[in-house]
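> First the structure, then my questions, so here it is.
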Amino acid sequence: GIGHTRWATCGVPSSENAHPFKSMDGRIALVHNGIIENYLELRKELMAQGYQFSSQTDTEVLVHLVHRYMEGDLHQALRRALKDVRGTYAIAAVEFGSDRTVVARKENPLVIGVGLGENFIASDVTAILEHTSDVIYVMDGETAIISPEDILLFSPAAQAIERQIDRI
């Protein structure tokens, strides 16, 4: 599962502006830490394509953008959507019925906690220390696919990356 606790950067703090956000068909859920600078432009474009919005946030734009590019692979859809985005982010997205979480980072911190039969993500290592002391730091521009048993890390050019696990 995914969750996110933060003040709204777009719109007032409210239930409507709270994460996670879901695509209109309920297939994708997404949380985001950061700011999407061109969210108003993207929102207008998506509304013209029939997407409906229930919040005032930049994050809801992201989930609809990922949905627009969804052709069976959430990781590829997120990577394609992020090409349209200007701003900063640490993103986690899930697809209904899948045990995979897809993450992306640009200028905002993102760490993967490595467990036994479970893995975690957070924007700060202290959030996951009660569950694991083994972590992988996601670097700027990287993405990852995380399941309970596996972590696949990718460079900005979509090349697979091997990274050492750090012990806290």
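The values are calculated or read from the model by the stated rules, or taken from the named source; none is laboratory data. Everything quoted here is computed from the prediction, not taken from an experiment. For neighbour counting, all protein chains shown are included, and Cβ atoms are generated from backbone atoms with ideal geometry for every residue, glycine included. These accessible areas exclude ligands, DNA and RNA; they are computed on the full protein's heavy atoms, side chains included. Shrake-Rupley method; radii C 1.70, N 1.55, O 1.52, S 1.80 Å.
> Could you identify the single residue in 94, 85 that is within 13 Å of residue 27 (Cα to Cα) and among the hydrophobic types (A, V, I, L, M, F, W, C)?
94
> Related question: Among all residue pairs at least 6 apart or on different chains, which show Cβ distances below 6 Å where the first residue, located in region 57-76, is open to solvent by less than 10 Å² (accessible area, probe 1.4 Å) and the second is assigned to a helix (DSSP H, G or I) and of a type outside the set (A, V, I, L, M, F, W, C)?
Matching pairs, first to second residue: 58/39; 61/39; 61/43.
For every residue, the table says whether it meets (1) of a type in the set (D, E, K, R); (2) open to solvent by 30 Å² or more (accessible area, probe 1.4 Å); (3) out of contact with any His (no Cβ under 6 Å at 6 or more places or on another chain).
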site	(1), (2), (3)
46	no, no, no
95	yes, yes, yes
103	no, no, yes
110	no, no, yes
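> Out of the residues in region 78-93 that are part of a helix (DSSP H, G or I), in contact with a strand residue (DSSP E or B) (Cβ under 8 Å, 6 or more places away or on another chain) and not basic (Lys, Arg), state the one that is most open to solvent (accessible area, probe 1.4 Å).
My answer is 82.
> If you don't mind, there's one more thing I want to ask. Looking for whichever is modelled with pLDDT under 95 and farther than 19 Å from residue 138 by Cα here; the options are 60, 95. Which one fits?
Step by step, each of 60, 95 is checked, and only 60 is modelled with pLDDT under 95 and farther than 19 Å from residue 138 by Cα.
> In addition: Restricting the first residue to region 96-108 and requiring it to be farther than 11 Å from residue 74 by Cβ and in contact (Cβ under 8 Å) with a residue 12 or more places away in the chain, which pairs with a second residue that is acidic (Asp, Glu) and open to solvent by less than 50 Å² (accessible area, probe 1.4 Å) meet a Cβ separation below 7 Å and a spacing of at least six or different chains?
Close Cβ pairs satisfying both conditions: 105/142.
> Still on this structure, I have one more. Identify all residues within region 1-44 that are over 16 Å from residue 74 (Cβ atoms), β-branched (Val, Ile, Thr) and either modelled with pLDDT under 90 or open to solvent by 40 Å² or more (accessible area, probe 1.4 Å) (or both); write none if there are none.
5, 9, 12, 35
> For the structure I just gave you, tell me whether residue 140 is closer than 16 Å to residue 2 by Cβ, under 16 Å from the mean Cα position of the chain (by Cα) and open to solvent by 40 Å² or more (accessible area, probe 1.4 Å).
Answer is no for this residue.
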